[in-house]
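Heads up, the thing below is written out as structure tokens.
The values are calculated or read from the model by the stated rules, or taken from the named source; none is laboratory data. This is a predicted model, so every value here is computed, not measured. Note: ideal-geometry Cβ built from the backbone for every residue, glycine included; neighbour counts use all protein chains shown.
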There are 4 protein chains.
Amino acid sequence: MLRVGVIGGSGYTGGELLRLLLGHPQVEIAQTTSREYGGEYVFRVHPNLRGLTSLQFAKPDLEKTVKECDLVFTATPHGVSSKLVPRLLEAGLKVIDLSADFRLKNPEGYPQWYGWSHPHPELLQKAVYGVPELHRSDIGKAQLVACPGCMAVASILALAPAAKERLFEEDKVVVDVKIGSSGAGAKPSRSTHHAERAGVIRPYKPTGHRHTAEIEQELNWVAGSGAVKISMSAHAVNVVRGILATAHLFLKEKIGLAEVWKAYRGFYQNEPFIRLVRDKKGLYKLPDPKTVIGSNFCDIGFDLDKHVNRLVVLGAIDNLMKGAAGIAVQNLNLMMGWDERTGLLPPALYPV
Amino acid sequence: MLRVGVIGGSGYTGGELLRLLLGHPQVEIAQTTSREYGGEYVFRVHPNLRGLTSLQFAKPDLEKTVKECDLVFTATPHGVSSKLVPRLLEAGLKVIDLSADFRLKNPEGYPQWYGWSHPHPELLQKAVYGVPELHRSDIGKAQLVACPGCMAVASILALAPAAKERLFEEDKVVVDVKIGSSGAGAKPSRSTHHAERAGVIRPYKPTGHRHTAEIEQELNWVAGSGAVKISMSAHAVNVVRGILATAHLFLKEKIGLAEVWKAYRGFYQNEPFIRLVRDKKGLYKLPDPKTVIGSNFCDIGFDLDKHVNRLVVLGAIDNLMKGAAGIAVQNLNLMMGWDERTGLLPPALYPV
Amino acid sequence: MLRVGVIGGSGYTGGELLRLLLGHPQVEIAQTTSREYGGEYVFRVHPNLRGLTSLQFAKPDLEKTVKECDLVFTATPHGVSSKLVPRLLEAGLKVIDLSADFRLKNPEGYPQWYGWSHPHPELLQKAVYGVPELHRSDIGKAQLVACPGCMAVASILALAPAAKERLFEEDKVVVDVKIGSSGAGAKPSRSTHHAERAGVIRPYKPTGHRHTAEIEQELNWVAGSGAVKISMSAHAVNVVRGILATAHLFLKEKIGLAEVWKAYRGFYQNEPFIRLVRDKKGLYKLPDPKTVIGSNFCDIGFDLDKHVNRLVVLGAIDNLMKGAAGIAVQNLNLMMGWDERTGLLPPALYPV
Amino acid sequence: MLRVGVIGGSGYTGGELLRLLLGHPQVEIAQTTSREYGGEYVFRVHPNLRGLTSLQFAKPDLEKTVKECDLVFTATPHGVSSKLVPRLLEAGLKVIDLSADFRLKNPEGYPQWYGWSHPHPELLQKAVYGVPELHRSDIGKAQLVACPGCMAVASILALAPAAKERLFEEDKVVVDVKIGSSGAGAKPSRSTHHAERAGVIRPYKPTGHRHTAEIEQELNWVAGSGAVKISMSAHAVNVVRGILATAHLFLKEKIGLAEVWKAYRGFYQNEPFIRLVRDKKGLYKLPDPKTVIGSNFCDIGFDLDKHVNRLVVLGAIDNLMKGAAGIAVQNLNLMMGWDERTGLLPPALYPV
């Protein structure tokens, strides 16, 4: 059994990781830490785990983590893991980081998008960006994997095949994202107070969203281009879980649906967690996060708009699963050489 | 007291009209009809009106309507009012149509976007498109006013000032719309069944939405251009009331916020139902339909994205108010020469 | 114009009061105070009022309030208004208190239910309990009115007619209440964080709810009895506004629906804000808060359970209206000798 | 591998069964039928199963079912399975019925509560009522198991320990139930239309709910009494999944919390799917369906009300799991002699 740790286990991503790891047949949870809840039972914070574990949160203690764990998930706020990870790597542990601290290859991205300088820019090249559909082989060899941002992964997966085929005008890529409240984390504030947050269609970040940086990085890598620029706007909508990324792409040439199908089928064939959803009938013709809640799937669909020669691509995920804890466990499986789907098999709950 | 009728009073738009008209000091509701609920008390269908009216739905009878009414609202399904309105006009009544039947100036738009030929194309020029912010003076003189589509009015009002100043590339205008379930009307179906509809972020019309036609018509009129083409995608989100239109505009030239402010302030100064929302602080910095529910306001805000030289404009309305019944009453007031705000004064409910 | 003040105007009750008072034809809002938002524009806190008022919150200053106002609403946390009200009364102002500080007649109720001793027990007899359906005439003569608790008013109005007729066993009165999140106020916490609060059916106060005291006080007064004891349990459900009180009453004798109708019709005839809802057909046969949102109505309905000789009575209100600000304005109207319905006419929004 | 069939696989209970059976290591789904969707892919109706099964619905054909299956789940509307089950039993199949058709032991209950006479009253004694916590041993030997009603199981499990100890007055047992929209099934209607159903706190069955019969049957069995009578009222609330049963019990004698704990701990020790939830701290002190969504747990908690000598007991379940498909799979495991938890291990999703 692999001894895994979860640093920052009391947030929603941490809780989802613990839920998945408890059901994973090849790991044992050696420890989980929380600054706020050190000493408290895990089930007091994650009530779904009541009766399933007697684990308690430990107070953060890096050397204890080094001693007790073989692999560590860091589910800490942005800016924290970049201080912890060097010691973990030095001690020979594998690390799966769920914050933004190791996502960008270019150190200059951090002051530009996050407002701080990276303390260990030398590690950025060592880290592998943790989207298995793009970097599976590198993830398998990595000591440090940087899991993508939740909106980034939905956007990247929706756009990658079209980017690879360079189907669209690369400087006019609109990505209009809708996200549920769990994406804002577990810390209360006025903006997440139920009476304020319920029923919103709130444009909380119409420009300048930080995930823009990693989306551009990855799509330029896929396209072998430096020209992809993302016009991203993020909206908060009235659900707890779920992200829908709607990408509006202006096509360079007139193409038909068959060519789009070919690009997407080719890119994603045999991917265990990608479903192409473009059905001829039924209520569920296109991706909707409602149909992936609790699963690790990214559903991708598309439609062609002949009126303006536009390709609309839709990517739907559960932000706590494929957008965070689920993809992290998928990366774990790849890093350890296990079946990629281990611990990620239960279907989505529907309806919920 | 003006004797008004509401043909098709049992839907959500009809109900909202009846609610507003009951509180309007210069009208009496002479009759309301319903094919499904003829003979039934209005409060059995619109439970908020219980105790406030003993009105009953009449079965449709056009000659009775002609006799009893001075002005008629037609809140019927698309394709119905075009058959009723000619007789009403001939009899000298004023008509405010809430369907799509008289919105398009070009008769060819009907086969293209709606799939049927217009039976009275000669009336299309006579009808005034009922957006007071664009056609106030013509509405004041009109016998027939065609109220806009709910998503159309949010989009048009968000875009008109920028279109007038021709700030953006006119063939790459993305309008990503989010709408609540009341927009789908009162008729049950699998797609609106609560367990299916709750919690969705559903891309129900990523291309080809019919409102595209009227948005293009009006923006080309405002811009004095024929080049504006709209890339519209519509999403169903988890609210009952509310529309947010997010317009992504690629600017022709680099401009600053001051120029955007100037365009929008100039266009909308003294408008009673437009609020420009771009606040420096607080939770409500930008438009969100949650803050207009129950009111006739269209809140409009914007942000500049220097990264891609994009202008994001946001328009938020209550789809049953400014998107349907509220704007219809505003048009009524203009047609009758009354204060435009009559019967439309109560603020939005917040929080709700 | 009566000069009114709202002390504590930044909470949800304060915001709803300001919304109603702005539309009230016989008052002007002389001032509103807020400890947290002193100096801030009202519309920054209550976004529905943007464009409708340029009022700013004042910092609390009791002598300024005395000087500028004829009548004051105190919408402060429990325990605060009991310190402010004596000075306001002494200065000759009328006061409508929305906290619990003057609801109980028996000073011993405060240590028992609220955990503190009342600083001015002599004022408790002077205060009139502000339920017009029970104390209309006294309210008309009062200088100090204590508005009821939101769950209390729904429960009292549902039970009063049956209590007056002494239909039920008075020591086994189950009141099972369901309430929306706005009832918890505007202050964020983990329990009201959207991701935690959305989707709950949470028994947050199965026993010992403070409103028990005032419900018993009023029902014993109505019944002319000292024997009524309330078994109250409060649940948080997934709405923003709304309260449903379900009262389960064990009948002393077998009675028929006609007798129940007689008791309720007799008690509430001519009441402007009570609707008896027990319809034979349609979807809205019984009270549901969804049909009163935004209005001052209390809908009351009932059903007889012959299987166990039980009477189930249902009371539905909007907790911010009939449960707080609406009933406060109704009390204002009565205290000033105005038409009781002034400013309270707009129907509920439906659907919302 | 056991060959199982699901008759009536297109409803929500059928869909949940298919989800669970797909992940069950000891069964294969031999067939599933649907009158409405015969010939259609399962994933078109249950979109969470897309990519996980290529199963298609078969049209109902009882002889085909007999041939292809060893055990059948009947998830048909009330009144249907009583016609199918005799043939299935005769052919030697095991049957787990999810309708009401075999729940009542007394044939007279059917005309009284359901309005029809049972066509095979002789089978009622043969059927075992499928609540493992009460009838585990009999379920293990049964050929026919009748799964309980969703509200019934939450109520029975909440009340059984107190009933066994005969703690409460048996003729005054109030059970106030709150349920989500999936409990109404997959068939659209006005009452389940999203705009109507969203936001309700709707007393849809204040008296006369059919589950009363089975709750009384089981509690009288547990208590060894004939005196337990249930005062049940059912409310629809604004969630998709979840039931909370709030039982209000008037105690015969004054007892302390220790005695209640003893009764509940004793009754439920070692039960794999019962959690006693009465915590001293944290947000999750008492049962709330939100914390069991997707799991087979029934969370049970309680509180003592000294003011009126009342015991409040709370039972929370996911209506599609412990209230339907989950308990059905638990019964399957018992009937087959497998570990009771097989296929039911994944924790609840939280938050969702």
Practice item. Could you tell me whether residue A:223 is farther than 20 Å from residue B:305 by Cβ, within 12 Å of chain B (Cβ to nearest Cβ) and at pLDDT 95 or above? Key: no
Practice item. Can you give me the number of residues within the range D:116-141 that are hydroxyl-bearing (Ser, Thr, Tyr) and touching a helix residue (DSSP H, G or I) at 6+ places or on another chain (Cβ under 7 Å)? Key: 2
Point to revise | Test result for residue A:154, assigned to a helix (DSSP H, G or I) and at pLDDT 95 or above | key: yes
Exercise for review: Tell me which residues, restricted to the range A:174-210, are hydrophobic (A, V, I, L, M, F, W, C) and either surrounded by fewer than 24 Cβ atoms within 10 Å (Cβ to Cβ) or in contact with a helix residue (DSSP H, G or I) (Cβ under 7 Å, 6 or more places away or on another chain) (or both).
Suggested key: A:175, A:177, A:179, A:184, A:186, A:195, A:198, A:200, A:201
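Per-residue answers, yes or no, for (1) surrounded by fewer than 22 Cβ atoms within 10 Å (Cβ to Cβ); (2) touching a strand residue (DSSP E or B) at 6+ places or on another chain (Cβ under 9 Å); (3) at pLDDT below 95; (4) not assigned by TED's automatic domain parsing to the domain that holds residue D:156:
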| position | (1), (2), (3), (4) |
| --- | --- |
| D:230 | no, yes, no, no |
| D:242 | no, yes, no, no |
| D:254 | yes, no, no, no |
| D:263 | yes, no, no, no |
| D:267 | yes, yes, no, no |
Study note, to complete from the structure: Of the residues in the range A:216-235, those that are in contact (Cβ under 8 Å) with a residue 40 or more places away in the chain and touching a helix residue (DSSP H, G or I) at 6+ places or on another chain (Cβ under 7 Å) number 9
Review point. Of A:278, A:310, A:265, which residue is more than 14 Å from chain B (Cβ to nearest Cβ), closer than 30 Å to residue A:183 by Cα and of a type in the set (D, E, K, R)?
Key: A:265
Exercise for review: Could you tell me which of the residues A:65, A:53 is of a type in the set (Val, Ile, Thr) and outside any loop (DSSP other than H, G, I, E, B)?
Suggested key: A:65
Revision key, fill the gap. When the range A:76-117 is checked residue by residue, the ones that are over 17 Å from residue A:211 (Cβ atoms), part of a loop (DSSP other than H, G, I, E, B) and either aromatic (Phe, Trp, Tyr) or under 17 Å from the mean Cα position of the chain (by Cα) (or both) are A:76
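Yes/no matrix, rows are residues, columns are (1) buried (at least 23 other Cβ atoms within 10 Å of the Cβ); (2) in contact with a strand residue (DSSP E or B) (Cβ under 7 Å, 6 or more places away or on another chain); (3) within 12 Å of chain B (Cβ to nearest Cβ); (4) of a type in the set (Phe, Trp, Tyr):
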| position | (1), (2), (3), (4) |
| --- | --- |
| C:8 | yes, yes, no, no |
| C:17 | yes, yes, no, no |
| C:25 | no, no, yes, no |
| C:29 | no, yes, no, no |
| C:33 | yes, yes, no, no |
| C:38 | no, yes, no, no |
| C:42 | yes, yes, yes, no |
| C:52 | no, no, yes, no |
| C:55 | no, yes, no, no |
Exercise for review: Take residue D:323 and decide whether it is closer than 16 Å to residue D:131 by Cα and crowded, with 24+ Cβ neighbours inside 10 Å.
Suggested key: yes
Check your understanding: Hey, any hits in the range A:178-200 for a residue that's farther than 26 Å from residue A:295 by Cβ and away from chain C (no Cβ under 14 Å)?
Key -> no
**Study point:** Failed condition for residue A:282, given (1) in a loop (DSSP other than H, G, I, E, B); (2) on the phi < 0 side of the Ramachandran plot
**Key:** (2)
Revision key, fill the gap. The condition from (1) over 25 Å from residue C:313 (Cα atoms); (2) crowded, with 24+ Cβ neighbours inside 10 Å; (3) small (Gly, Ala, Ser) that residue D:137 misses is numbered (2)
Review point. Going by the structure shown, is residue B:102 more than 14 Å from every other protein chain (Cβ to nearest Cβ) and aromatic (Phe, Trp, Tyr)?
Key: yes
Check your understanding: Any chance the range B:285-296 includes a residue that's touching a Leu at 6+ places or on another chain (Cβ under 6 Å) and more than 9 Å from every other protein chain (Cβ to nearest Cβ)?
Key -> yes
Review point. Assuming residue A:62 fulfils every condition listed in (1) within 30 Å of residue A:218 (Cβ to Cβ); (2) more than 17 Å from the chain's Cα centre (by Cα); (3) away from every other protein chain (no Cβ under 14 Å) apart from one, which condition is it?
Key: (1)
Review point. For residue A:19, are the conditions met, namely being under 15 Å from residue A:320 (Cβ atoms) and among the charged types (D, E, K, R)?
Key: yes
Review point. Which of the residues belonging to the range B:329-352 are more than 13 Å from every other protein chain (Cβ to nearest Cβ) and either surrounded by 24 or more Cβ atoms within 10 Å (Cβ to Cβ) or in a loop (DSSP other than H, G, I, E, B) (or both)?
Key: B:329, B:330, B:331, B:332, B:337, B:338, B:339, B:340, B:342
Point to revise | Where a residue in the range A:295-310 is on the phi > 0 side of the Ramachandran plot and its partner, wherever it lies, is charged (D, E, K, R) and modelled with pLDDT of 95 or more, with Cβ under 8 Å and at least six apart | key: A:309/A:254
Check your understanding: Only one residue in C:179, C:215, C:230, C:139 is closer than 30 Å to residue D:301 by Cβ and in contact with a Gly (Cβ under 8 Å, 6 or more places away or on another chain). Which one?
Key -> C:179
Exercise for review: Look at residue A:12 and say whether it is crowded, with 24+ Cβ neighbours inside 10 Å and of a type in the set (Phe, Trp, Tyr).
Suggested key: yes
Review point. How about the range C:295-311: which of its residues are farther than 28 Å from residue B:352 by Cβ and outside any loop (DSSP other than H, G, I, E, B)?
Key: C:303, C:304, C:305, C:310, C:311
Point to revise | Test: residue in the range A:130-141 that is within 14 Å of chain B (Cβ to nearest Cβ) and at pLDDT 95 or above | key: no
**Study point:** Within the range B:149-177, considering residues that are more than 14 Å from the chain's Cα centre (by Cα) and small (Gly, Ala, Ser), the one farthest from the other protein chains (Cβ to nearest Cβ)
**Key:** B:160
